[in-house]
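Q: Have a look at the structure that comes next, please.
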Amino acid sequence: MKGESPETGIVVARNLTKNYDTGKIEVKALRGVNLDVRRGEMMAIMGPSGCGKTTLLNCLSGIDDITSGEVWIAGRPISKMSDNEKTDFRAMKMGFIFQSYNLLPVLKVVENVELPCLVRGDDPKKARQKARDILEAVGLKEETLKKPAELSGGQQQRVAIARSLVNEPDVVFADEPTGNLDSETTAEVIELMKSLHREKGLTFVIVTHDSTVGQSTERVVMMRNGAILKSFRPSPT
Amino acid sequence: MDAAITLLLVVAVICAIILVWTGRKRFPLRIGLGNFFRRKTQVAIVVAGLLIGTAIISSSFVISTTFDHTIKSEVYRTLDYVDEEVYSAGPDGRLINFSYSAFDEMNAHVRDMPHVSAMAPRYQLSASIIDTRSILFEPSGSVIGFDPALDLGSFVKSGGSSWDGSGLSPTQVILNQQIADSIEARVDDPLVIYFGLSYPVPQFNATVGEIVQNTGRGAWAGLPAVFMPLNVLQAAIGQPGQINLIVVANVGGPTAGYLDSTAASQELRQYLPATPLLTVYEIKSDLINRATQSMSQLSQLFTLLGTFTIIAGVLLIVNIFVMLAEERKGEMGVARAVGMRRRNLVQSYVAEGLLYALLSAAVGALVGLALAGVILWAFEAVYPARLLGGIRFVLTWTAADLIQAFTIGFLITMATILLASWRVSKLNIVRAIRDIPEPVQRRSTGRQIGLGVALMVLGAISTISAFAASSALLLDVGPVLVAMGLAVVVMRVVNPRIAFSAAGLFIVIYLLFPFKPIEMAGAGIDQFIVAGLLLVLGGLLIVLFNSDAMLAIFTTVARRRTWRPVMRTAIAYPMNKKFRTGITLASIALVMFTIATMSGIESMVSSTIETTEARESGGFDIIAATNPAIPKSTWNSEYVNTSVSKNISEYHGLSWVSFQFSKDSTFSGKLQNTTLHGMPATWTNIPFDFQALDSKYSNGKEAWDAIQANSSLAILDGSVAPQEFVSINAMFGASVGDTLYFHNGKGEVHNFTVIGILYERFVNGVFVGWNTVKTEFGVDYPSFFYFKVAPGQDSAAVSHELERTFIRYQMVTLDMNALIHDVLQVVIGVFNLLEAYLALGLIVGIAGLGVITMRNVVERRTETGALRALGFRRSMVLRSYLFELSFIALTGILLGDILGIAISYDLYLGFFQGEASFIIPWDRLLILSLIAFIGALIATASPAIRASRIPPAEALRTFE
């Protein structure tokens, strides 16, 4: 399939290791991880605190450098790219959702969402229209001119979701997207992600410690001590 | 020194109070002190920014001490032991002879004058001296006849030994080094001395017996002088037994005796002989007071202009402490949550601030010493010693200067820290802990409306008072307060952007409007400072509340893919923190405003050179004066036979006499001394223009003709009109229509009516017809001349030739154009010096930017990580920071430049129109702006580069 690794998957990791040198000791955050994520899959990475979930996410997305191994995204070996190449690749091919939303507080909602389009080089008017459209799709049509501080946590996360999708990425990486939300809002956000996944066939890689979130995905990968323990399909709720 | 110790005690007491107050519960003090020592680099940068204000204050004190010491040293040198003079002077100011017996009579009572140490007789007169070996001459020398046995102090020979001046032969004279250098005299050189007496001029042939140093008795009055025994001089001028001066020394010596001049003068007056009518003059005390006054005005100017930098420094303190608070918002919120009171928060900040204040004030005081040295070096470059009579400034300072500066700097810093700490303590606990930004305020609160109303009332009172007191300053402040108050009030119902933009626009337009109901004439520098502050405030409001419009412009202009998102973030961030951004903008804009205004004024002054030359000189190249007045016929016959006359195309000789007048017909109050000039009737086309003319006369020629025809009419020089920027030789004020009452040579009371005032200010005095001077004072000969050099001739050479030709008459010449040029160059040099001084304030602005950048990098760490994840390259992150800083720096610089140029134009309309051209000094402004901008970039590049290099994963990890 076009855009996929030599083997299968839109996201492929082989023998991925990541070590942190703290000066006194070397921490092995990832120990030879192998992972395939199929196109259009909604996958969760779960495990106890400190097991390497976020590190794995960061390495897969190119936000963090790897110690050894290889990573392909949409058939491109990002582990061999320079910093600028990885950065440009992220702008074109990936979307990100963070636990703390990481919206720019100084920009309005619509300006936050259109930012990735401007980074990619889209015409400002087109970027603005795309942002409006995606905000309408996530139910925030009336909030476009507000600043993030004027929104609730759930609304801010919707904005973050809209931002992650505005460039029609190949993969969306989400790090604890519901970590700062209450259960009701968590359910709303997950439902939104599921509906977008269904409608647009997006690939989601979600790091979470919330079993509810894990249950909502198509596959759960369990980690412990920097390695994948098992991978399974969650039972439908 | 007592005052300095008192100030140190004040500082110590304040420190003790703070330590006790903050240390009562210990933990606020520990927190405060701990925070100070936590980040040494940050402390260093903060202290560097804070110390500037103290450095400015310290340098002002040191400069003042240096000027004071230099002036006094010069007076001590030139007057030596002489504290008072006793003499008799005629109405023209010349010394009148009196009998030696008057000296004997007074000297007999020295023991009865407890404050008087000794006195000595002298005969002093002007003379021109020629060294017939070197063929060089000095037209404006002095001859002093002294008694070696009685005279005060002593000469100092070239080898350094003291000498009373005795042992000279009847034809030997003593030269001081000053005149010896002037005529390149050596011991045994033959001299010809022409004494400054009435025509025919007596001549004396002498030889140089000794050349003495310009110190001790030889430095007398700073004059190029020849000394000879009194009896020899009396014989040479045919005045046996006559003197014209008694010099007096007080108890206490050359440097302290003058402090008792008042008492000594009273004692001297007690024993003055009945006749002749002698005057006691406190020469040393008077010279020191006058010189000190002039110099203190200059040092005050430095201090006042330094106010802008001090204000910028205060703004920086506020900015720094507010940012430090924001940095620790989380821990402060937790501290408040677990029971720390607001007061304890204030205490912790004040404790930390105490260290900043002590350190920055101490370092600042010392830096100010170095700064004063630099300023004095620059001052000497502007004012070469030759223009100051050979005076050289030597850096002089006292411990009291540094202590005073330290104390004032400390107090200003502590007061600002207290205010900032109080503001900072008012945080919301939940928002602080959860790092939720403060809600954007869209409407005025009740308290703010109250404040707005108070401002409006204050503004109204100020405006009304302005009319009552004719105060241009209050008229500036009043309406501005009303506008600000109104903006705060209407914000209840109107969008803040509209309210404050309107207020800002009103402030700028109102302050720049050139036509105000109250005259700006005589406006002082304090009004300039206030107007500058308010203008910058108005400009800031417009900029800060209209950032969206600027953002739209920049984003439209940016075409390249990677620039649009960079600009979006670069402008949004500073505009979101209006307080922080506003303060930094203000400190940069304030300094650039003053520099731009100074540059504008300097350009206008420079442009006046041509006009000034024409107006002052009337097209003539040289003015000259002779000491003995030469009979007209003698002058005419001598002049035409000289070779120098062939190098002169036109000349006119005026008569003159010193006289006194009063504007009061009863002569009560102080009499004004000035010069009465008799204009020759043959001078029919007098080129000097009028700035004010009686409406009876349609042009200047009619006025000049009128003073010839009517002996009760007079024309005055331009110094009598109000001066704005450059005060030249102003002796008294007058207007067209004024009447001047005087006693003529026969003691009769007559008067002049002023029919015109000239532009020309160089030659001071009252201009009347030739016959008027002849009739009133019996003077019928020229002694003041205007010469026009023939085409192709050099003015300097012709001047010298005139002096040489008429050395007998002690003709002294002045090259007008060269002198005017010199004066204007000095004025421009002073402007340059002041601009450089003001530019120091840019350091404050740049320090502010540096602190902001460091804070921004930390605050936005996670956001930077998010941007990198979204696709911002490292270079884009760097560009975003640099563009943001450039935006703030350039906005501040441009705002200051634009407002400075605008107010320069106002000043042009008010004071320079008609005399100067309005020129915008583009090159100077560009250079200064570029230096400021580059400085800002250098100060902020390092943290910006570090921010761009943080790996995204590391940045996304939440930490503090």
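Q: Tell me, which helices (runs of 4 or more DSSP H) wholly within the range B:507-615 include 3 or more residues that are within 30 Å of A:G121 (Cα to Cα) and modelled with pLDDT under 80?
A: Fully inside the range B:507-615 and qualifying: B:547-557.
Q: Tell me the residue from B:V766, B:V877, B:V826 that is touching a Leu at 6+ places or on another chain (Cβ under 8 Å) and within 14 Å of chain A (Cβ to nearest Cβ), please. Outline the logic, then answer.
A: On the way: B:V766 fails: within 14 Å of chain A (Cβ to nearest Cβ); B:V826 fails: within 14 Å of chain A (Cβ to nearest Cβ).
Answer to the check: B:V877.
Q: Looking only at residues that are more than 18 Å from the chain's Cα centre (by Cα) and under 17 Å from A:S152 (Cβ atoms) in the range A:101-129, which one is nearest to the other protein chains (Cβ to nearest Cβ)?
A: Residue satisfying both the conditions and the ranking: A:P105.
Q: Which condition breaks for B:I938 when tested against (1) surrounded by fewer than 24 Cβ atoms within 10 Å (Cβ to Cβ); (2) within 14 Å of chain A (Cβ to nearest Cβ)?
A: (2)
Q: Hey, can you tell me all the residues within the range B:880-905 that are surrounded by fewer than 20 Cβ atoms within 10 Å (Cβ to Cβ), of a type outside the set (A, V, I, L, M, F, W, C) and either within 14 Å of another protein chain (Cβ to nearest Cβ) or under 19 Å from B:F593 (Cβ atoms) (or both)?
A: Answer for the range B:880-905, where residues must be surrounded by fewer than 20 Cβ atoms within 10 Å (Cβ to Cβ), of a type outside the set (A, V, I, L, M, F, W, C) and either within 14 Å of another protein chain (Cβ to nearest Cβ) or under 19 Å from B:F593 (Cβ atoms) (or both): just B:Y905.
Q: If I go through the range A:130-154 residue by residue, how many of them are within 14 Å of chain B (Cβ to nearest Cβ) and either buried (at least 21 other Cβ atoms within 10 Å of the Cβ) or not aliphatic (A, V, I, L, M) (or both)?
A: Total meeting the criteria: 7.
Q: Given the options A:K28, A:K18, name the one that is part of a strand (DSSP E or B), basic (K, R) and within 14 Å of another protein chain (Cβ to nearest Cβ).
A: Values: A:K28 fails: within 14 Å of another protein chain (Cβ to nearest Cβ).
Answer to the check: A:K18.
Q: Something else: Would you confirm whether any residue within the range A:57-72 is within 9 Å of chain B (Cβ to nearest Cβ), outside any helix (DSSP H, G or I) and over 28 Å from A:H209 (Cβ atoms)?
A: Of all residues in the range A:57-72, those within 9 Å of chain B (Cβ to nearest Cβ) come to A:58-59, A:61-65.
Keeping just the survivors that are outside any helix (DSSP H, G or I) gives A:62-65.
Among the residues that remain, those that are also over 28 Å from A:H209 (Cβ atoms) are: none.
No - not one qualifying residue is present in the range A:57-72.
Q: Ok, one more. Let me spell it out: the conditions are (1) over 18 Å from B:I417 (Cβ atoms); (2) in a helix (DSSP H, G or I), and B:G49 meets all of them except one. Which number is the exception?
A: The number of the failed condition is (1).
Q: Further question: For the range A:171-196, which residues satisfy the criterion of being more than 14 Å from chain B (Cβ to nearest Cβ) and open to solvent by 30 Å² or more (accessible area, probe 1.4 Å)?
A: A:D182, A:S183, A:E184, A:A187, A:E188, A:E191, A:K194
Q: Another question, then. Which residues, taken from the range B:230-280, are surrounded by fewer than 18 Cβ atoms within 10 Å (Cβ to Cβ), touching an Asp or Glu at 6+ places or on another chain (Cβ under 9 Å) and of a type outside the set (A, V, I, L, M, F, W, C)?
A: B:N231, B:G252, B:T262, B:Q270, B:Y271, B:P273, B:T279 - these are the residues of the range B:230-280 that are surrounded by fewer than 18 Cβ atoms within 10 Å (Cβ to Cβ), touching an Asp or Glu at 6+ places or on another chain (Cβ under 9 Å) and of a type outside the set (A, V, I, L, M, F, W, C).
Q: Go through the range B:764-778 and give me each residue that's of a type in the set (V, I, T) and open to solvent by 10 Å² or more (accessible area, probe 1.4 Å).
A: B:T775
Q: Among the residues of the range B:744-763, write down those that are in a loop (DSSP other than H, G, I, E, B) and open to solvent by 30 Å² or more (accessible area, probe 1.4 Å). Walk me through it before giving the result.
A: So the first thing to find is which residues in the range B:744-763 are in a loop (DSSP other than H, G, I, E, B), and the list is B:744-748, B:759-763.
Answer for the range B:744-763, where residues must be in a loop (DSSP other than H, G, I, E, B) and open to solvent by 30 Å² or more (accessible area, probe 1.4 Å): B:G745, B:K746, B:G747, B:E748, B:Y759, B:R761, B:F762.
Q: What is the one condition in (1) modelled with pLDDT of 80 or more; (2) surrounded by 20 or more Cβ atoms within 10 Å (Cβ to Cβ) that B:A847 does not satisfy?
A: Among (1) modelled with pLDDT of 80 or more; (2) surrounded by 20 or more Cβ atoms within 10 Å (Cβ to Cβ), the lone unmet condition for B:A847 is (1).
Q: Among the candidates A:T237, A:T208, A:T217, which residue alone is at pLDDT below 90 and either under 23 Å from A:T55 (Cα atoms) or surrounded by fewer than 23 Cβ atoms within 10 Å (Cβ to Cβ) (or both)?
A: On inspection, the qualifying residue turns out to be A:T237.
Q: Within the range B:942-960, how many residues turn out to be away from chain A (no Cβ under 14 Å) and open to solvent by 30 Å² or more (accessible area, probe 1.4 Å)?
A: 3
Q: Continuing with this model, one more query. Can you say whether A:E85 is part of a helix (DSSP H, G or I), surrounded by fewer than 22 Cβ atoms within 10 Å (Cβ to Cβ) and within 13 Å of another protein chain (Cβ to nearest Cβ), as far as the supplied structure shows?
A: yes
Q: Out of (1) in contact (Cβ under 8 Å) with a residue 40 or more places away in the chain; (2) more than 26 Å from A:L103 (Cα to Cα); (3) open to solvent by 30 Å² or more (accessible area, probe 1.4 Å); (4) part of a helix (DSSP H, G or I), the odd one out for B:S929 is which?
A: (3)
One line per residue, one yes/no per condition, for (1) open to solvent by 40 Å² or more (accessible area, probe 1.4 Å); (2) closer than 30 Å to B:N214 by Cβ; (3) in contact with a Leu (Cβ under 6 Å, 6 or more places away or on another chain):
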{"position": "B:I31", "(1), (2), (3)": "yes, no, no"}
{"position": "B:A48", "(1), (2), (3)": "yes, no, no"}
{"position": "B:L51", "(1), (2), (3)": "no, no, no"}
{"position": "B:T70", "(1), (2), (3)": "no, yes, no"}
{"position": "B:S73", "(1), (2), (3)": "yes, yes, no"}
{"position": "B:D80", "(1), (2), (3)": "no, yes, no"}
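Q: Of everything in the range B:626-677, what is of a type in the set (A, V, I, L, M), open to solvent by 10 Å² or more (accessible area, probe 1.4 Å) and under 22 Å from B:K746 (Cα atoms)? Give them in sequence order. Break it down into steps so the answer makes sense when it comes.
A: In the first step, residues of the range B:626-677 are kept if they are of a type in the set (A, V, I, L, M); the result is B:629-630, B:640, B:644, B:648, B:654, B:657, B:671, B:676.
Cutting the leftovers down to open to solvent by 10 Å² or more (accessible area, probe 1.4 Å) gives us B:629, B:640, B:648, B:657, B:671.
B:A629, B:V657, B:L671, listed by residue number.
Q: Would it be correct to say that B:G871 is surrounded by 19 or more Cβ atoms within 10 Å (Cβ to Cβ) and either among the basic types (K, R) or in contact (Cβ under 8 Å) with a residue 40 or more places away in the chain (or both)?
A: no
Q: Report whether or not B:V192 is in contact (Cβ under 8 Å) with a residue 60 or more places away in the chain and under 22 Å from B:I96 (Cβ atoms).
A: Considered against the rule, which asks whether it is in contact (Cβ under 8 Å) with a residue 60 or more places away in the chain and under 22 Å from B:I96 (Cβ atoms), B:V192 comes out as no.
Q: So, one more: Please go through the range B:851-863 and give me each residue that is within 10 Å of another protein chain (Cβ to nearest Cβ) and either open to solvent by less than 20 Å² (accessible area, probe 1.4 Å) or in a loop (DSSP other than H, G, I, E, B) (or both), ordered by number.
A: If the condition is that a residue be within 10 Å of another protein chain (Cβ to nearest Cβ) and either open to solvent by less than 20 Å² (accessible area, probe 1.4 Å) or in a loop (DSSP other than H, G, I, E, B) (or both), then B:R860 is the only one that fits.
Q: Within the set of pairs 6 or more residues apart or between chains, which connect a residue that is more than 15 Å from B:W922 (Cα to Cα) inside the range B:585-599 to a residue that is outside any helix (DSSP H, G or I) with Cβ atoms less than 8 Å apart?
A: none
Q: Please verify whether B:R924 is within 22 Å of B:R39 (Cα to Cα) and outside any loop (DSSP other than H, G, I, E, B), treating the condition exactly as stated. Reasoning before the result, please.
A: Numbers: within 22 Å of B:R39 (Cα to Cα): no; outside any loop (DSSP other than H, G, I, E, B): yes.
Considered against the rule, which asks whether it is within 22 Å of B:R39 (Cα to Cα) and outside any loop (DSSP other than H, G, I, E, B), B:R924 comes out as no.
Q: I've got another one for you. For A:G201, which of the numbered conditions (1) touching a residue at least 12 places away in the same chain (Cβ under 8 Å); (2) within 20 Å of A:G214 (Cβ to Cβ); (3) open to solvent by 30 Å² or more (accessible area, probe 1.4 Å) fails to hold?
A: Only one criterion in (1) touching a residue at least 12 places away in the same chain (Cβ under 8 Å); (2) within 20 Å of A:G214 (Cβ to Cβ); (3) open to solvent by 30 Å² or more (accessible area, probe 1.4 Å) is unmet by A:G201, namely (2).
Q: Can you tell me which residues in the range B:28-45 are closer than 19 Å to B:E331 by Cβ, in contact (Cβ under 8 Å) with a residue 60 or more places away in the chain and not polar (S, T, N, Q)?
A: Of everything in the range B:28-45, those that are closer than 19 Å to B:E331 by Cβ, in contact (Cβ under 8 Å) with a residue 60 or more places away in the chain and not polar (S, T, N, Q) turn out to be B:P28, B:L29, B:I31, B:G32, B:L33, B:F36, B:V43.
The values are calculated or read from the model by the stated rules, or taken from the named source; none is laboratory data. Computed from a prediction, not measured in an experiment: that's the story for all the values here. Methodologically, a virtual Cβ is constructed for each residue, glycine included, from the backbone with ideal geometry; neighbour enumeration extends over all protein chains shown. The accessibility values were calculated without ligands, DNA or RNA, using every heavy atom of the protein model including side chains. Shrake-Rupley method; radii C 1.70, N 1.55, O 1.52, S 1.80 Å.
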